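Comments concern the structure below.
The values are calculated or read from the model by the stated rules, or taken from the named source; none is laboratory data. Here the structure is a predicted model, which is why all the values come from computation and not from measurement. Ideal geometry is used to build each Cβ from the backbone, glycine not excepted, and the neighbour counts take in all protein chains shown.
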Amino acid sequence: MRDLLINLNNTGPKLESVFLSSPICRELQSRIRPELYDSTITLDKFKQLAQNYFQGSKLNLLSGFDKFTNVDIVLGCTQFIDDLLLHYGLHGLQILAHDYGYYWRLDPNLQPAVVGELVPDRPLLISMPFAGETDIHPQMSAILDECLAKGIPVHIDSAWITCARDIHFDYSHPAIQSFAMSLSKGMDLSWNRIGLRWSRIQDDTNSVSIYNKFYMIPRAMLNIGYAHLEVIKPDHLWNLYGDRYFEICKDLLLRPTKMIHLARSMDRKTCYSVKHILEKSWK
């Protein structure tokens, strides 16, 4: 069984190794046609169903959504990130060490920001759950308070929240200006990236707002996402695989994480994807 583990400390593309699927996800995918089009599924209908899904977890406690009155559809969390990159530039943002590897693909020499030494007024973009921790960043409270004191707007990438459990987080902290979530991770939808962005302030000049205002969201992506939202419930992957996940960790002497597809070595130095082992239970 150990030979099915995927060592995520190795370099190279890991897309296939981290997206966990399930029978219901694969069955839905088999029924979808590229030409799918249903004009009755509006942006507002999708947003309402998606908000219910993201806020409906019983395994995570997420709050503060009501402080963000502007909700837009994004083509995955990377569009949310790219919108910020378009506005500020990569070097106009602050990124912490061990966050999403995308930033270092854009610039391998990018210097990470340091907690306690953040630059005043320069926006911070941070993942939650944090990419390098498989949990909330251990200094998240201090980070947010430092940002508030220094006038640093905070933008949060919550792409992995739909694979998580036991995450308690309040988005209403006044330093936080926007955050995004995606269906990709919790529904095996890396091939049809779509999600939501919440923001405090309506800005009609940013690319995400323009995409929404002028109905530029691809109809097929919207409808495929909607079809999954109608069937797949919050916490689907943990509810399906949770017991098996803990068995695998026990049998292979791995340390469980808060992410259904990831486990660590007991010394915490190596992170493994257990995707193939979990999926083998239904194939």
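The table below gives the values:
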item: Residue check, Ser184 under 22 Å from Ile24 (Cα atoms), within 14 Å of the chain's Cα centre (by Cα) and not in a helix (DSSP H, G or I); result: yes
item: Pairs with Cβ under 8 Å, 6+ apart, first in segment 175-196 and within 30 Å of Asp121 (Cβ to Cβ), second assigned to a strand (DSSP E or B) and among the aromatic types (Phe, Trp, Tyr); result: Ser178/Trp198; Phe179/Trp198; Ala180/Trp198
item: Ile210 being closer than 23 Å to Ser127 by Cα, loosely packed, with under 15 Cβ neighbours inside 10 Å, of a type outside the set (Gly, Ala, Ser) and out of contact with any helix residue (DSSP H, G or I) (no Cβ under 7 Å at 6 or more places or on another chain); result: no
item: Condition broken by Asp203, with the remaining ones in (1) of a type outside the set (A, V, I, L, M); (2) outside the structural domain of Thr257 (by TED's automatic domain parsing); (3) at pLDDT 95 or above satisfied; result: (3)
item: Selection count, segment 199-254, where residues are in a helix (DSSP H, G or I) and in contact (Cβ under 8 Å) with a residue 12 or more places away in the chain; result: 29
item: Filter result for Ile156 (of a type outside the set (Gly, Ala, Ser) and either closer than 28 Å to Trp238 by Cα or at pLDDT 95 or above (or both)); result: yes
item: Subset of segment 219-278 [among the basic types (Lys, Arg), touching a strand residue (DSSP E or B) at 6+ places or on another chain (Cβ under 6 Å) and closer than 25 Å to Leu196 by Cβ]; result: Lys258
item: Residue, nearest to Pro23 (Cα to Cα), within segment 161-183, restricted to residues that are hydroxyl-bearing (Ser, Thr, Tyr) and surrounded by fewer than 24 Cβ atoms within 10 Å (Cβ to Cβ); result: Tyr171
item: Subset of segment 41-90 that is of a type in the set (Val, Ile, Thr) and surrounded by 20 or more Cβ atoms within 10 Å (Cβ to Cβ) - its residue that is farthest from Trp160 (Cα to Cα); result: Ile73
item: Close pairs (6 angstrom Cβ cut-off, 6 or more residues apart or separate chains): under 18 Å from Ala180 (Cβ atoms) in segment 140-157, among the aromatic types (Phe, Trp, Tyr) anywhere; result: Ile156/Phe179
item: Qualifying positions in segment 107-136 - out of contact with any His (no Cβ under 9 Å at 6 or more places or on another chain), surrounded by 11 or more Cβ atoms within 10 Å (Cβ to Cβ) and free of Cβ contacts under 8 Å to residues at least 60 places away in the same chain; result: Ala113, Val114, Leu118, Val119, Arg122
item: Of residues in segment 18-72 being of a type in the set (Val, Ile, Thr) and touching a helix residue (DSSP H, G or I) at 6+ places or on another chain (Cβ under 6 Å), the one modelled with the highest pLDDT; result: Val71
item: Residues of segment 149-189 satisfying the condition of being among the aliphatic types (A, V, I, L, M) and more than 23 Å from Asn206 (Cα to Cα); result: Ala149, Ile161, Ala164, Ile167, Met187, Leu189
item: Residue that is nearest to Ile176 (Cα to Cα) [pool: residues in segment 189-198 that are in a loop (DSSP other than H, G, I, E, B) and not aliphatic (A, V, I, L, M)]; result: Arg193
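Yes/no matrix, rows are residues, columns are (1) under 18 Å from Ile81 (Cβ atoms); (2) in the same structural domain as Tyr53 (by TED's automatic domain parsing):
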{"position": "Met187", "(1), (2)": "no, yes"}
{"position": "Ser190", "(1), (2)": "yes, yes"}
{"position": "Ile194", "(1), (2)": "yes, yes"}
{"position": "Val208", "(1), (2)": "yes, yes"}
{"position": "Met221", "(1), (2)": "yes, yes"}
{"position": "Glu247", "(1), (2)": "no, no"}
{"position": "Asp251", "(1), (2)": "no, no"}
